[in-house]
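Input: a single structure, listed below in structure tokens.
Values in this text are rule-based calculations from the coordinates and carry no lab data. Remember, predicted model here, so these are calculated numbers, not experimental data. Neighbour counts are summed over all protein chains in view; Cβ atoms, including those assigned to glycine, are modelled from backbone coordinates with ideal geometry.
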Amino acid sequence: MEGIGGKLRAARLAWKLTLREVEQRTLRLAQQWGNPAYRISASWLDRVERENRGLSATKLIVLANIYSLTPDQMLGMCPTPDAAFTPSEDLSVPNATLLAEGNLDAYAKVWLPDTLVTEAPAEATALLPAEQGLLPSHYRRAVIGRQDRTLEPMIRAGSIVLIDTQKRSIATRREWNHEFDRPIYFLMTREGYVSGFCELDKESDWLTVIPHALSFESNRRWRYRKDIEVVGTVVAAVIRRTN
């Protein structure tokens with residue numbers, strides 16, 4: 001199974017860039033953005049590609065900019081069975097399939113309703129009604145609202161997330177290596193729904209919702225299973241790019 005390092009290497013080679021050229025581009029970005037943390041050395045990137053090392057959000061943002069990768073594509077680099085990065089010969093041509101009427105069209109409309117980008121996102125995050133026959137019974141969909149900015153810019157308002165309600169246990173730090181590998185949870189509080197990274201204290205009395213590193217939100221804490229419940233783990237998302 002190819003890890004994130006191999007996929008990053010494939011993305012780099014698709015643009016015919018050497019490790020040194022990537023380093024030079026990150027240096028220019030670091031100078032342009034006024035943050036030396038954005039610089040990536042050729043030797044460090046080589047180790048990441050060979051050893052599948054974890055990356056911080058800062059490094060992923062830089063590489064996404066250089067390789068012209070969307071957040072969806074970066075998330076897709078997390079390990080999946082038999083997944084591989086296969087760039088088109090002409091990178092300017094979109095890799096897409098138009099769906100006609102039928103089963104695939106019905107599934108697509110569950111994920112991409114006609115109103116996804118034509119209507120403004122709702123204020124509050126909402127759990128959508130179960131779709132009988134289209135999804136297994138333990139899967140639910142939800143829409144992220146404007147007030148839930150915990151995971152911006154990774155998951156923006158108006159995005160649709162798929163939740164596996166059978167996966168409710170909070171992962172420990174040992175179970176994930178980097179931000180794109182870290183589980184995202186969908187939760188219910190007394191005030192409404194929220195999504196985000198989570199941490200439990202040693203006694204499992206308090207659950208803290210951790211925002212994305214680039215979000216302007218702060219950590220929030222609730223009494224676990226008294227004031228907050230885990231609905232499930234987010235296993236997929238359709239990201240809305242504009243609000």
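Data table
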quantity: Inter-probe distance in nm under a simple model that places probes 7 Å from Cα toward Cβ, at Glu229 and Thr58; calculated: 4.1
quantity: Sum of side-chain charges, Thr233 neighbourhood, beta-carbon under 9 Å (Lys, Arg +1; Asp, Glu -1); calculated: +1
quantity: Semi-axis lengths (Å, descending) of the ellipsoid that matches the C-alpha gyration tensor of segment 9-55; calculated: 19, 13, 8
quantity: Neighbour net charge for Leu19 - beta-carbon separation under 12 angstrom, K R +1, D E -1; calculated: +2
quantity: Förster radius 30 Å - calculated FRET efficiency between Arg221 and Ala37, Cβ distance, rounded to 0.05; calculated: 0.60
quantity: 5 angstrom amide H check on Glu152, placed H, neighbours 5+ away; calculated: His212
quantity: Order by protection proxy (mean Cβ within 10 Å, highest first), peptides 56-64, 29-37, 210-218; calculated: 56-64, 210-218, 29-37
quantity: Calculated from backbone phi, Karplus (6.51, -1.76, 1.60) coupling profile of segment 142-150 in Hz, x at Gly/Pro; calculated: 9, 10, 7, x, 4, 6, 9, 9, 4
quantity: Cα gyration tensor shape for segment 123-243, rounded if a/c is under 1.5, else prolate or oblate; calculated: rounded
quantity: For Gly158, distant residues with modelled amide H under 5 Å away; calculated: Ile144, Gly145
